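The structure under discussion appears below in the form of structure tokens.
The values are calculated or read from the model by the stated rules, or taken from the named source; none is laboratory data. Quantities reported herein were computed from a predicted structural model and do not represent experimental measurements. Here Cβ is always computed from backbone atoms with ideal geometry, including for glycine, and neighbour counts include all displayed protein chains.
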Amino acid sequence: MRGKVVAILETRTGAHLGELVARRGGVPLLAPALREVPDIEPNRVLELLAAWRLQPYRLVIFQTGVGTRALFNAADALGVGAELVQLLAQSVVVVRGPKPLGELNSRRVRIDFKAPSPFTTDTVLATIAGIDLHEARVLVQRYGAANEPLRQALETRGAAVDEIATYRWALPDDVQPLLQLLDALASASVDAVVFTSAVQIHNLHAVAQSHGRATQLVEQLTGPVIASIGPVCTRALAAHGITTTVEAEPPKLGPLVVALEAALTARG
């Protein structure tokens, strides 16, 4: 990676990812593309538990670590954290990946099913394919946006689906780093762009569009190495007309950086 400019759109672990790039001789260009905004109403948590007591959920699906933690923190603040754990003990608990797994383990919540890598909606659905969901109540811990394919698949199988929102995705308060990235792409001074979530490309495109630069974005992203964290991200890139050069396998930062370095080395 020596001397290669690598654009990083990750927010939470962007600095860490930048360090990994810098250790390999790369030049990280940090352009955080999203902001996680808390979006959990205390009354919604209380209403959820009240309904849960009367009509237990047969299945509960946790999709993200940050959302799982936010739900438990909100429950703790309301004095109902212990009850949430007790109610979960009566449900089938499913996790989408290692991050919610870690949060639930810290709470000593029994986990019945773990979706395998690459931790997509499809792997979640395959994991629970043998569970009878006819007229079953299902609770989904929502991530930054609604997971419509998951909801539709569950409802097709006869489930009644509720969602609990804990945070939502938004543009960063400061979009100047994204504008600087657009400038760097326009001058062909970026060697690679790393995408670690699907929403990053949506937000980058939205910023480009708001500044009259969306039509050039796809062409400008044909030159650099495009590194994707996994299949969900890759599909989002494809939906914007962008071809992924490398995809992490498994979908974690370590394999992503290894694949990125190999692709940059191959280009010379």
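Here are a few things to note about the model shown:
- Test: P56 is at pLDDT below 95 and surrounded by fewer than 18 Cβ atoms within 10 Å (Cβ to Cβ): no
- Any hit, segment 52-65, residues being part of a helix (DSSP H, G or I) and in contact with a strand residue (DSSP E or B) (Cβ under 6 Å, 6 or more places away or on another chain): no
- Residue within segment 15-31 that is in a loop (DSSP other than H, G, I, E, B) and in contact with a Leu (Cβ under 7 Å, 6 or more places away or on another chain) present: yes
- Restricted to segment 99-120, and to residues there that are of a type in the set (V, I, T) and at pLDDT 95 or above, the residue that is surrounded by the most Cβ atoms within 10 Å (Cβ to Cβ) is V109.
- For segment 25-40, taking the residues that are surrounded by 14 or more Cβ atoms within 10 Å (Cβ to Cβ) and modelled with pLDDT under 95, the one that is farthest from A198 (Cα to Cα) is identified as I40.
- Strands (runs of 3 or more DSSP E) completely within segment 167-268 that count 2 or more residues being modelled with pLDDT under 95: 167-170
- Long-range neighbours under 6 Å by Cβ, at least six apart or interchain, first residue farther than 13 Å from P56 by Cβ within segment 82-104, second of a type outside the set (V, I, T) and in a strand (DSSP E or B): V94/F113; V95/F62; V95/K114; P100/F62
- Hits in segment 85-120 - residues which are within 24 Å of the chain's Cα centre (by Cα) and in a helix (DSSP H, G or I): L88, P98, K99, P100, L101, G102, E103, L104, N105, S106
- Extreme residue, modelled with the lowest pLDDT, among residues of segment 59-79 that are under 28 Å from G130 (Cβ atoms) and among the aliphatic types (A, V, I, L, M): L71
- Of residues in segment 8-24 being surrounded by fewer than 18 Cβ atoms within 10 Å (Cβ to Cβ) and free of Cβ contacts under 8 Å to residues at least 60 places away in the same chain, the one nearest to W169 (Cα to Cα): R12
- Pairs, first assigned by TED's automatic domain parsing to the domain that holds V161 and under 27 Å from V45 (Cα atoms) in segment 122-140, second in a strand (DSSP E or B) and not hydrophobic (A, V, I, L, M, F, W, C), C-beta under 6 Å, six or more apart: L139/D162; V140/E163
Okay, residues lined up against (1) buried (at least 20 other Cβ atoms within 10 Å of the Cβ); (2) farther than 30 Å from N73 by Cα:
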site	(1), (2)
R168	no, no
L171	no, no
A186	no, yes
T196	yes, no
Q209	no, yes
A214	no, yes
V225	yes, yes
R235	no, yes
H240	no, yes
